[in-house]
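The values are calculated or read from the model by the stated rules, or taken from the named source; none is laboratory data. Since we're looking at a predicted model, the values are computed, not measured. All Cβ positions, even for glycine, are placed from backbone atoms using ideal geometry, and neighbour counts span all protein chains on display. We work out accessible area using only protein heavy atoms, side chains counted, and drop any ligands, DNA or RNA first. Shrake-Rupley method; radii C 1.70, N 1.55, O 1.52, S 1.80 Å.
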Amino acid sequence: FLVSWSIRQLSSVLVFLQQWYTSTMNLLGTWLTDRMDLQLHLYQLKILIRIVKKKYRDFRLQGVLDSTLNSKMYDTVRNRLTLEEATASVREGGMQGVSMKDSDEEDNGN
């Protein structure tokens, strides 16, 4: 009885985490889409890169499936932030250690 209850609890938590990840990534993607014709301020860009990288890593560690993590919305957000990062690097002369690329390299290495 206790084992089946624990499995149901873990399953419920995983479903909750997947829904949370998806809804917050959709919210972020919508926010970026609404501002498609506006360039992000350097501070906004740095914070968003940190948020997306941390969110991806933390939810992956909690067992959220790659199919959920690597959704179309995640790709849209990642592509937009990568483009903004390239623009900011040319405009500002660098991102001072904050990069979307770091996230890709760390995830592929693990």
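Tabulated results
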quantity	calculated
Positions within the stretch 1-49 being more than 17 Å from Thr76 (Cα to Cα) and either outside any helix (DSSP H, G or I) or touching a Ser or Thr at 6+ places or on another chain (Cβ under 8 Å) (or both), in sequence order	Phe1, Gln18, His41
Residue check for Asp34: at pLDDT 90 or above, more than 17 Å from the chain's Cα centre (by Cα) and either of a type outside the set (Val, Ile, Thr) or open to solvent by 80 Å² or more (accessible area, probe 1.4 Å) (or both)	yes
Of residues in the stretch 37-49 being touching a helix residue (DSSP H, G or I) at 6+ places or on another chain (Cβ under 9 Å) and of a type in the set (A, V, I, L, M), the one surrounded by the fewest Cβ atoms within 10 Å (Cβ to Cβ)	Leu42
Selection within the stretch 50-74 - surrounded by 17 or more Cβ atoms within 10 Å (Cβ to Cβ) and either in contact with a Pro (Cβ under 8 Å, 6 or more places away or on another chain) or not in a helix (DSSP H, G or I) (or both)	Val64
First in the stretch 42-62 and on the phi > 0 side of the Ramachandran plot and at pLDDT 95 or above, second anywhere and part of a helix (DSSP H, G or I) and surrounded by fewer than 18 Cβ atoms within 10 Å (Cβ to Cβ), Cβ under 8 Å, 6 or more apart	none
